[in-house]
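Below is one structure, written out as structure tokens; comments come after it.
No value in this document is a laboratory result; all are computed from the given coordinates. Please read all numbers here as calculations on a predicted model, not as lab measurements. Neighbour counts run over all protein chains shown; Cβ positions are idealised from the backbone, glycine included.
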Amino acid sequence: MNHVPARAVATAAGLLLIPLLAACGGSSSNSASSTTPTTPTSSSPAASGTAPADTVAATGEIKKNWKTFFAYKTPRATAATLLQDGSTMTAALAKAVSEQATTHIKQGAEVTSVTFTSPTTAQVSYKLLNGNQVLLPAATGQAVLVNGTWVVSKATFCTLVTLGNNNEPVEGC
């Protein structure tokens, strides 16, 4: 039987569930839309300012960037570029890498849906993985648009890394 220790799940959750929350210090909303996720069939203009102009492109970028950010082999410098305020998150990113090494999690994430809550924020549903094993099948987080790039929100990351640190504060969060 493949048994994953509770600490490993908590660590993985702490590292991967961060996008759940609204971005710290940003001008984003954390209210979720009840609309269905955008499917990559066509580009549609934003309706009443609740989505970016090109939801297909934004959804594709979010999926790609989340997969890269949460992949255990992604270099820390690359991960920092895919995290809101990543340049100020060195200590928190180091803590996440340390927890990953301690628990031997081969973390990954697979985005299952994206729901835009504004032109610059999206609620992201995803599976948290350890290799091919699903640790959390229905995780949620938030992506934010920063300087033209969709990134993982700081609040989401900080929530996850704090969970992985036995709910103790982590420097930078």
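If I take R0 = 22 Å and measure r between the Cβ atoms of K127 and A91 in this structure, what FRET efficiency does the formula 1/(1 + (r/R0)^6) give, to the nearest 0.05?
For K127 and A91, the calculated efficiency is 0.20.
Which of the peptides 137-147, 93-103 is most tightly packed, and how do the rest follow, judged by the mean count of other Cβ atoms within 10 Å per residue?
Most protected by this proxy first, the peptides run 137-147, 93-103.
If packing is taken as the mean number of other Cβ atoms within 10 Å per residue, what is the order of 74-86, 109-121, 155-167, highest first?
Answer by packing, highest mean first, reads 155-167, 109-121, 74-86.
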